[in-house]
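Worksheet: one structure, shown below.
Just so you know, all these numbers are worked out from the coordinates, no wet-lab data involved. The structure displayed is predicted, hence computed values, not measured ones.
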Amino acid sequence: MKSYRDLARKAACIPVIAAPRFGGEGNFPPPSVAGGDYSLVPVRTTTGGTRRNIQVAAEYYPKAQEFAAPNQHTLVAVADLNEDFIYPVSIQNWKRC
């Protein structure tokens with residue numbers, strides 16, 4: 001079993017966020033979208049000293065649409081359950097039609 005100190009030395013800070021931008025009210029996005037609306041879940045990683053962003057889930061709406069039925073991506077969990085330093089990202093999609 002690895003100690004917390006061993007894990008802290010090897011682990012890196014991996015930012016993961018869920019970022020929706022929709023008008024409307026409540027927990028779900030409205031059926032229509034405004035220009036510039038989005039829902040995304042990006043992950044920033046560093047490999048060999050190079051930073052890169054990975055879009056786990058992403059929807060962009062550059063123009064307004066009367067009926068788009070957009071997905072709202074929600075971050076559910078990020079967990080390294082077996083200490084292999086591979087972090088599965090679980091997301092959930094909400095859609096109101």
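Once fully extended, how much extra length lies between ARG44 and PHE85, figured as 0.36 nm per residue of separation less the alpha-carbon to alpha-carbon distance? Intermediate results must be reported in sequence, preceding the final value.
Numbers: separation 41, 0.36 × 41 = 14.76 nm, distance 1.49 nm.
Stretched fully, the ARG44-PHE85 segment lengthens by 13.3 nm.
Once amide H atoms are built 1.01 Å from N in the peptide plane, which residues 5 or more positions from VAL56, or in another chain, come under 5 Å H to H?
Under 5 Å from the amide H of VAL56: VAL41, VAL43.
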